[in-house]
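Following: one structure in structure tokens, then a few remarks.
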Amino acid sequence: MNTKRLNWPLWLGFLLPLGAFLSYFFIFIWFPFTRDFPWANLLLFVIAVVLLFMGLRRGFASDRPHPIRSKIVSSIVSLLSLVVIALFVFTIFIGGRWLPASKGAPQVGQRAPEFSLPDSSGKTVSLNELLTTPINGNAPKGVLLVFYRGYW
Amino acid sequence: MRGIEKSLSKFNEVGIRPVAISVDKPEESRDLQQKAGYTFPFLSDRNADVIRRYDLVHAKAGISGEDIARPAEFLIDKSGTVKWVNLTENYWIRARPEQVLEVAKTLER
């Protein structure tokens, strides 16, 4: 009676949060729809919690071949999964907000501070050059500056 | 960044040049451009001087505790005036190319 002994909802409920955690950073982050709010991952977590609950019920059932071991294992596995879920929620909803306020950043209507910086080939370019060098033969309307953390 | 590359022809059509800026070395930016297929310019602000001038320094947030840029986007018209700003409050939420393109259409050539 292998099917009865293997607590599959518990183990599925353990693997699912790990997959849901990693999939945000490797898959869902590439699509604005699933990145801006991680609903896909939260949905997977909800399913995982249901599975863990089923797994816990099985683990604590009186017909387990090793009742004590089964209770301990299902409790620890459930707890670990909840830690993974909590870590994800923390990373996205709390950690993600740890950004400086940038109150002194240029505002709409103000002049953008001029600068000169090397591009990826080492050639120095200025904001003025970026604003005047033609795009496909036409004078540009403007420049979109995208500041980002860096590549790592 | 990937969204910008995907919409690059639309940006070019409306006459907008996207430019990425970070503290990465030019070689690191070249690596990223090659690996990810980014064809718009990447600028290297090694000492975060420009990032500081734009008040975008995220102090000691780099992998070895260096000052880096917080994510931010600015649309600047040909006279050098800021026309649109996005200072996200959550790192995981970013401006979408469509938002920028919408504003870009209102700029004069």
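The values are calculated or read from the model by the stated rules, or taken from the named source; none is laboratory data. Predicted model, so just to flag it, every value in this text is computed and none were measured. FYI the Cβ positions are ideal-geometry reconstructions off the backbone, even for glycines, and counts take in every protein chain you see.
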- Query: Is there a residue in segment A:55-65 that is under 18 Å from B:Lys78 (Cβ atoms), outside any helix (DSSP H, G or I) and not acidic (Asp, Glu)?
  - Reply: no
- For segment A:128-152, which residues satisfy the criterion of being facing chain B (nearest Cβ under 7 Å) and either over 35 Å from the mean Cα position of the chain (by Cα) or closer than 13 Å to B:Gly80 by Cβ (or both)? A:Leu130, A:Leu131, A:Ile135, A:Asn136, A:Asn138, A:Ala139, A:Pro140, A:Lys141, A:Gly142, A:Val143, A:Leu145
- Query: In segment A:76-102, how many residues are at the interface with another protein chain (Cβ under 7 Å from one of its Cβ atoms) and either crowded, with 16+ Cβ neighbours inside 10 Å or part of a loop (DSSP other than H, G, I, E, B) (or both)?
  - Reply: 4
- Task: Go through segment A:31-49 and give me each residue that's assigned to a helix (DSSP H, G or I) and surrounded by 14 or more Cβ atoms within 10 Å (Cβ to Cβ).
- Result: A:Pro32, A:Thr34, A:Arg35, A:Ala40, A:Asn41, A:Leu42, A:Leu44, A:Phe45, A:Ile47, A:Ala48, A:Val49
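Of all residues in segment A:117-143, count the ones that are charged (D, E, K, R), surrounded by fewer than 17 Cβ atoms within 10 Å (Cβ to Cβ) and under 16 Å from B:Ala48 (Cα atoms).
Qualifying residue count, segment A:117-143: 0.
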- What number of residues within segment B:64-88 satisfy the criterion of being within 7 Å of chain A (Cβ to nearest Cβ) and closer than 16 Å to A:Leu127 by Cα? 10
- Can you work out which of the residues in segment B:36-63 that are charged (D, E, K, R) and either more than 7 Å from chain A (Cβ to nearest Cβ) or assigned to a strand (DSSP E or B) (or both) is surrounded by the fewest Cβ atoms within 10 Å (Cβ to Cβ)? B:Lys60
- Message: Being within 26 Å of A:Ala139 (Cβ to Cβ) and either touching a residue at least 60 places away in the same chain (Cβ under 8 Å) or not hydrophobic (A, V, I, L, M, F, W, C) (or both): is that true of B:Phe42 here?
- Response: no
- Item | Some residue of segment B:25-35 being buried (at least 17 other Cβ atoms within 10 Å of the Cβ), assigned to a loop (DSSP other than H, G, I, E, B) and facing another protein chain (nearest Cβ under 7 Å) | no
- Task: Please specify each residue of segment B:4-24 satisfying the condition of being more than 27 Å from B:Ser79 (Cβ to Cβ) and within 7 Å of chain A (Cβ to nearest Cβ).
- Result: B:Val23, B:Asp24
- Message: Taking the criterion of being at the interface with chain B (Cβ under 9 Å from one of its Cβ atoms) and either surrounded by 12 or more Cβ atoms within 10 Å (Cβ to Cβ) or at pLDDT 95 or above (or both), would at least one residue in segment A:50-60 satisfy it?
- Response: no
- Task: Kindly list the number of the only condition in (1) among the basic types (Lys, Arg); (2) out of contact with any strand residue (DSSP E or B) (no Cβ under 7 Å at 6 or more places or on another chain); (3) modelled with pLDDT of 95 or more that fails for B:Lys83.
- Result: (2)
- Return only the number of the condition from (1) surrounded by fewer than 20 Cβ atoms within 10 Å (Cβ to Cβ); (2) of a type outside the set (S, T, N, Q); (3) more than 22 Å from A:Asn128 (Cα to Cα) that B:Arg70 does not satisfy. (1)
- Subset of segment A:119-136 (residues that are part of a strand (DSSP E or B) and of a type outside the set (Val, Ile, Thr)): A:Asp119, A:Ser126
